[in-house]
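What follows is a short report on a single structure.
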Amino acid sequence: MSDAEVRGLVDHLFRHQAGRMVATLTRILGAHHLELAEEVVQDALLLALQRWPFHGVPANPSAWLIQAAKHRALDVLRRRALQDRRAPELAARLLADATAGDAAEPTVAAEIVDDQLRMMFMCCHPALAHDARVGLMLNVVAGFGAREVARAFLLDDATAAQRLVRAKRRLRELDVVFEMPAPDDVHDRLAAVLDTLYLLFNEGYSAHAGESPVRRELCAEAIRLARLLAEHPLVDRPEVHALLALMCLQAARLTARTDDAGELLLLPEQDRSQWDRALIARGFAHLDRSAAGDVVTSYHLQAAIASCHAAAPSFERTDWARILVLYDRLLALQPSPVVALNRAIALGMVHGPEAALGTARPLDGEPSLRRYALLPATLAELHRRAGDGELAREYFQRALTMECTDAERRFLRRRLEQVVGVGEAHVGERTTS
Amino acid sequence: MSQFLVLLYDNVDDADQWLHMSPEEMQRVIEKLVAWSEGLSAQGRLVASEKLRDGSGRVLRGRGGSPTVHDGPFSETKEIIGGYFIVAAADYAEAVRLTRNCPHLEYGGTIEIREIEPMAVPEQAPAVA
């Protein structure tokens, strides 16, 4: 009997429910009791694990779990009543809270979403480092276990667990509140949340970090959490839709980015019929909604670039001129060597490899790109296209000395062999302009 | 068809594995176990199942006068019954066949099967034991 036949257990129910329950209990118990909330949620899941196999899955698993977690919390508070004067008050609050009721009830459902938003804002507190925010988002909000966080970030278990503990201690020290930001603060606080979701998405999307299936789930989680924002009146803002558009349009290409053997495929090599049309449609819908108002964020520009690719019938018939314009604007808004490098690639598609090399070569030597294998790989490609097999070889070899995944290494070797083997015969090249 | 008591023992030394499980992993364990018991049910072989409450029960011993009552099972016990299933099977061989793929075994647990004596007039003992 397959998992799908197990009644009542939706995919990722426990993971998502863990995030919701920790958020709801943290609201009731206060930000200081985040760890208590996590502990009783873990206990509730464990109780389900011990009982459901014998009793069967309850009719409403989510309600069962939150009730179980609340009861556990009440037990703990009762035990603590002697040392902790506030325990009875917290217990009373727990009993009075209605969120354990039917999640199908609109007011309850809305409160649960609010709790998750508050938790996102808390985990993206400006005083926390970016890595800490991403880790907390994954662990506390999205319900990933410490070992899953470790796998997602390619850390060993102990290091990941330690980082999470440190981030939570920092939250406690900061004495954060578990509330929606004040109207004046929404803009800045929301920017931090969006940044974090984008980092989370990229962590899953970028090929640089291995092929573990957990990585694809990071993209799905980032999209799921961003949708919670987009559907909430407080933060239903153009930049949220811009980020969602970007994530949907990029995620649509996930499957097509590797071939059956797991080898990386570049844009010109991808089978576009494998792009996820439903995600692309969602991406365009969010892109439309991102155009409300006059704010243009880097997400808007990146989403617009992604939309050019999504709309192109083929690599050759991509609107590179428009992409270049968008990169110009992105570079003006966010001057970074990585953006400059991407712009150089677009420039190469419009004005040829020599023009691209003219702007890309000076990036060689940028301290922030010193360990970025995509820089020499790009320079190699551009030299190859410019007909300079010798330099192409050198740059591919340099890229191979840098840190990258097995798939990337195989890809670079493949390219290198093509340059070495066929000399300057422009293997696999499709024309540019 | 006879009935068999299938006792699921948890190994105390393995209890740690659950503490470090992520919600996703826990869900997968539940799905496997529930799929197993639903499989029994679908074949019409599941008679009953109950989870026993964690922690000590009571052990009563009669030695001469009034029975002694202790908390138990004993603290040195490494394996504790977590719960049981009652399954219908023709004989032990079939009861084992129905039970050997129980996911409980994948997590270090032990299973004991005992045939339940039917409440009926004693039959003639089988010719071959």
Degrees, to the nearest 10: A:337-351 long Cα axis against longest axis of chain A
40
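From the alpha carbon gyration tensor of the protein assembly as shown, can you work out the equivalent ellipsoid semi-axes (sqrt of 5 times each eigenvalue) and give them in Å, largest to smallest? Before the final figure, lay out each step's value.
Values: eigenvalues 590, 191, 86 Å².
Taking √(5λ) for each Cα gyration eigenvalue gives 54, 31, 21 Å.
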Helix-only mean residue ellipticity at 222 nm, chain B, DSSP H runs n ≥ 4 weighted -39,500 (n - 2.57), per residue, nearest 500. What is it?
-7500 deg cm²/dmol
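Show me A:109-119, A:268-278, A:338-348, A:160-170 ranked by packing, highest mean number of other Cβ atoms within 10 Å first.
Numbers: A:109-119: 18.6, A:268-278: 13.1, A:338-348: 21.2, A:160-170: 16.9.
Averaged packing, sorted descending, gives the order A:338-348, A:109-119, A:160-170, A:268-278.
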So which lysines pass the test for residue B:51, namely a Cα distance under 30 Å, with those fewer than 8 places away in the same chain ruled out?
A:70, B:32, B:78
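What order, most packed first, do the peptides B:2-9, A:11-18, A:186-193 have when packing is the mean number of other Cβ atoms within 10 Å of each residue?
Numbers: B:2-9: 19.2, A:11-18: 22.0, A:186-193: 17.0.
The most tightly packed comes first, giving A:11-18, B:2-9, A:186-193.
Can you put B:119, A:122 in order of Cβ neighbours within 10 angstrom, beginning with the fewest?
Starting with the residue having the fewest Cβ neighbours, the order is B:119, A:122.
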Those aspartates and glutamates that a straight Cα-Cα span of less than 15 Å connects to residue A:168, excepting residues fewer than 8 apart in one chain:
A:35, A:38, A:39, A:131
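Find the relative contact order for chain B and round it to a whole percent, using C-alpha pairs within less than 8 Å whose residues are 6+ positions apart. Numbers along the way, then the final one.
Numbers: 168 pairs, mean separation 61.3, N = 129.
Here the relative contact order equals 48 percent.
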A student asked for the Cα radius of gyration and Dmax of segment A:137-290 in angstrom ought to give 17.1, 51
Which whole number gives the average, over all residues in A:53-62, of C-beta atoms from other chains lying within 10 Å of the residue C-beta?
5
So how much slack lies between residue A:394 and residue A:79, counting 0.36 nm per residue of separation and subtracting their Cα-Cα distance, in nm?
106.6 nm
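Other chains' Cβ within 10 Å of B:14-22 residues: what's the mean?
Details: counts 0, 0, 0, 0, 5, 3, 6, 7, 13.
Partner Cβ neighbours, averaged per residue: 4.
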Compute the helix-to-body angle for A:106-123: its Cα long axis versus the longest principal axis of chain A, expressed 0 to 90° and rounded to tens.
60
Among A:24, A:405, A:378, which comes first, then next, by fewest other beta-carbon atoms within 10 Å?
A:405, A:378, A:24
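Report the full-extension gain for the segment residue A:413 to residue A:113: residue separation times 0.36 nm, less the Cα-Cα distance, to one decimal in nm.
On the way: separation 300, 0.36 × 300 = 108.00 nm, distance 4.76 nm.
Separation in residues times 0.36 nm, less the Cα-Cα distance, equals 103.2 nm.
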Using Cα centres only, tell me the gap between segment B:1-77 and segment A:302-366 in whole Å.
62
For segment A:1-159, treating each Cα as an identical point scatterer without solvent, what Debye log10 I(q)/I(0) comes out at q = 0.19 1/Å?
-1.27
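Per-residue ellipticity at 222 nm for chain A, helices alone: DSSP H runs ≥ 4 residues times -39500 (n - 2.57), over residue total, nearest 500 deg cm²/dmol? Can you show the working numbers first?
Working: 19 runs with 276 residues, N = 433.
Rounded to the nearest 500, the figure is -20500 deg cm²/dmol.
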So, for the Cα atoms of segment A:212-294, Rg and Dmax in Å stand at 14.3, 45
Kirkwood Rh in Å, taken over segment B:70-109 so that all alpha-carbon pairs contribute:
12.4
Project the alpha carbons of segment A:29-105 onto their principal axes and report the range along each, largest first, in whole Å.
39, 28, 18
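Give me the percent of Cα-Cα pairs in segment A:341-402 that sit more than 13 Å apart, rounded to a whole number. Numbers along the way, then the final one.
Details: 1061 of 1891 pairs.
So the pairs more than 13 Å apart make up 56 percent of the total in segment A:341-402.
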Please report, largest first and rounded to whole Å, the three semi-axes of the ellipsoid equivalent to chain B, where each semi-axis is the square root of five times an eigenvalue of the C-alpha gyration tensor.
28, 26, 12
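Per-residue mean of other chain beta-carbon atoms within 10 angstrom of the beta-carbon, peptide B:35-41? Write down the numbers at each step before the final one.
Values: counts 8, 2, 6, 7, 2, 1, 2.
The shielding value for this peptide is 4.
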For segment A:274-433, take every pair of Cα atoms, bin their distances at 5 Å starting from 0, and report each bin as a whole percent.
2, 9, 15, 17, 19, 17, 12, 6, 2, 1, 0
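None of the figures in this text is laboratory data; all of them are computed from the coordinates on show. Keep in mind that what you see is a predicted model, and the values were worked out from it rather than measured. A quick note on method: Cβ atoms are made from the backbone with ideal geometry, for glycine too, and the neighbour counts reach across all protein chains shown.
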